[in-house]
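Comments concern the structure below.
The values are calculated or read from the model by the stated rules, or taken from the named source; none is laboratory data. If you're wondering where the values come from, they're calculated on a predicted model, not measured in any experiment. Heads up, the Cβs are rebuilt from the backbone with ideal geometry, glycines too, and the neighbour counts pull from every protein chain shown.
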């Protein structure tokens, strides 16, 4: 007998209007839901989203019964400070939609900054459901309604281009981020005393930093880990300042949760002498940027003092500092992002971590670049002799500019619409504008001059991207690898200088030592190592842009070679 079934699918949403109904909320009192304009059966049994709020704090939730949930919250000590309940109704809501809207509201409202949220971040996974695209479009009208009620201040576009949003612990995780999180929590749950270090590996844009922040928030909210010293170690100075800013308004977290390598020997963060480990769980972001005692310039003395305090040999690396002070370190790492001789090498990592490197937890899903994994592989192929066939990337701008003035004018138009766009370049021009010691006056008007256009290197090494968001003059400077690694940009405008040239004999790209001005980047590197570093630098620069990458190539021979890779 053959059984035939007919699939019945729900109708797509028509875009029904939202109702945001409000009523007083008082701890210990039965909430008077009769003041709501909603029909009684909807109050008793209908999927809805709600926002509890007072002057400073808010809590976002979702339920299938507002009556039941408000009664529960009214008896909860955790909700005692709230004074108003904002009930969000739509006749086309279902359980999947309200869960999605709850997560979106939490992420956006945190970054908006109108309220400090009291939510935890457990369960925030980016899931798919029927007609999600249509419901996402409807969400914008809900947000406009919330703005009119002064529950939020900024537009969605403004928020989504902010650093606080990009590095929020309230981001919905991808499936493989969720799998990685569960694996890490399983290890921690078994006890960290004898646990070997973990490695989380992923290419740019797979969300290593976001996962580290999410994990920090998850652990801090879990009473099982109360009293533990859990922090994120961020080796990139500029990104460290950005993350501190992002965590400043998060309940249960503080800027002091983000530390640098040298903070491992500071008692105020947890350092312990006599071989004791002062950090219980240490999440090491951008682990490929940890330093070894090579090409450190003026930092040798400070580096040696840390090794001495830790009782380590003079040549010990920052990775060894971590292993010396952390009971359970987790390294977030990308082998393609070693960009100079001072970075710990792949061999250093393998020697220190052994099996953890050979069997890492992998992140595969591309979150940053809308061109996806195909775009990342394409850029890697261009730089490393893969000779990929020219192709477009749907929804992603990959543009070569033949004229530098056109490149800069395009940046100006893009920056006017997306102020988290930046110009970035290889270190192929000397830093002429750097003020001389003891002076605040620039030594020269420009660092980079091409076709009569003058530009300056970024004047600040700390949080250049973030400071540029508030200061257009800084946003119009040009950043290098040291000020951009680890960041997301709306659009990346990449200038390829004479540090990378075409070897016409071999037909391959190679480094040009004479055109590279980062002395700490070339002093001890062989030609082969320098070529690898500079290719990695441009790989990083060309994978920063979320919506697009625009390129100008200063060397006409190299420009002619690369032209064929732009469809």
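Structure notes:
- The listed residues are 188, 192, and the only one of them that is in the same structural domain as residue 248 (by TED's automatic domain parsing), at pLDDT 90 or above, assigned to a loop (DSSP other than H, G, I, E, B) and more than 28 Å from residue 379 (Cα to Cα) turns out to be 192.
- If you filter segment 395-442 down to residues that are free of Cβ contacts under 8 Å to residues at least 40 places away in the same chain and within 22 Å of residue 481 (Cα to Cα), you find that the one that is nearest to the chain's Cα centre (by Cα) is 412.
- Total residues in segment 480-492, condition touching a helix residue (DSSP H, G or I) at 6+ places or on another chain (Cβ under 6 Å) and modelled with pLDDT of 95 or more: 1
- Condition met for residue 244 (buried (at least 16 other Cβ atoms within 10 Å of the Cβ), outside any strand (DSSP E or B), out of contact with any helix residue (DSSP H, G or I) (no Cβ under 8 Å at 6 or more places or on another chain) and modelled with pLDDT under 95): no
- Inter-residue pairs, beta-carbon under 8 Å, first assigned by TED's automatic domain parsing to the domain that holds residue 62 and without any contact (Cβ under 8 Å) to a residue 24 or more places away in the chain and in segment 27-47, second part of a loop (DSSP other than H, G, I, E, B) and surrounded by 18 or more Cβ atoms within 10 Å (Cβ to Cβ), 6+ apart: none
- Output for segment 273-314, where each listed residue is surrounded by fewer than 15 Cβ atoms within 10 Å (Cβ to Cβ), modelled with pLDDT under 90 and not in a helix (DSSP H, G or I): 273, 274, 275, 276
- Restricting attention to segment 532-547 and to residues that are out of contact with any helix residue (DSSP H, G or I) (no Cβ under 7 Å at 6 or more places or on another chain) and surrounded by fewer than 23 Cβ atoms within 10 Å (Cβ to Cβ), the residue that is nearest to residue 428 (Cα to Cα) turns out to be 532.
- Verdict on residue 336 being under 30 Å from residue 126 (Cβ atoms), in contact (Cβ under 8 Å) with a residue 40 or more places away in the chain and in contact with a strand residue (DSSP E or B) (Cβ under 7 Å, 6 or more places away or on another chain): no
- Enumeration of residues in segment 128-153 that are in a helix (DSSP H, G or I) and over 22 Å from residue 21 (Cα atoms): 132, 133, 134
- Residue that is modelled with the highest pLDDT [pool: residues in segment 452-464 that are surrounded by 19 or more Cβ atoms within 10 Å (Cβ to Cβ) and in contact with a helix residue (DSSP H, G or I) (Cβ under 7 Å, 6 or more places away or on another chain)]: 458
- Reported count of residues in segment 17-69, each being at pLDDT below 90, assigned to a loop (DSSP other than H, G, I, E, B) and in contact with a strand residue (DSSP E or B) (Cβ under 9 Å, 6 or more places away or on another chain), is 5.
- Yes/no for residue 155 being surrounded by fewer than 22 Cβ atoms within 10 Å (Cβ to Cβ), touching a helix residue (DSSP H, G or I) at 6+ places or on another chain (Cβ under 6 Å) and not assigned by TED's automatic domain parsing to the domain that holds residue 255: no
- Candidate set: segment 443-452, residues that are closer than 20 Å to residue 401 by Cα and either part of a loop (DSSP other than H, G, I, E, B) or in contact (Cβ under 8 Å) with a residue 24 or more places away in the chain (or both); chosen: the one nearest to the chain's Cα centre (by Cα): 448
- Total residues in segment 401-425, condition in a loop (DSSP other than H, G, I, E, B) and in contact with a strand residue (DSSP E or B) (Cβ under 6 Å, 6 or more places away or on another chain): 3
- Test for residue 521: is it on the phi > 0 side of the Ramachandran plot and in contact (Cβ under 8 Å) with a residue 12 or more places away in the chain: no
- Some residue of segment 453-465 being over 23 Å from residue 161 (Cβ atoms), in contact (Cβ under 8 Å) with a residue 40 or more places away in the chain and in the same structural domain as residue 415 (by TED's automatic domain parsing): yes
- Against the numbered list (1) closer than 30 Å to residue 255 by Cα; (2) buried (at least 16 other Cβ atoms within 10 Å of the Cβ); (3) modelled with pLDDT under 95, residue 422 comes up short only at (3).
- Residue in segment 195-203 that is modelled with pLDDT under 95 and farther than 27 Å from residue 536 by Cα present: yes
- Any hit, segment 211-223, residues being out of contact with any helix residue (DSSP H, G or I) (no Cβ under 6 Å at 6 or more places or on another chain), surrounded by fewer than 19 Cβ atoms within 10 Å (Cβ to Cβ), without any contact (Cβ under 8 Å) to a residue 12 or more places away in the chain and in a loop (DSSP other than H, G, I, E, B): yes
- Among all residues of segment 113-127, there is at least one that is out of contact with any strand residue (DSSP E or B) (no Cβ under 9 Å at 6 or more places or on another chain), assigned to a loop (DSSP other than H, G, I, E, B), touching a residue at least 60 places away in the same chain (Cβ under 8 Å) and surrounded by fewer than 17 Cβ atoms within 10 Å (Cβ to Cβ).
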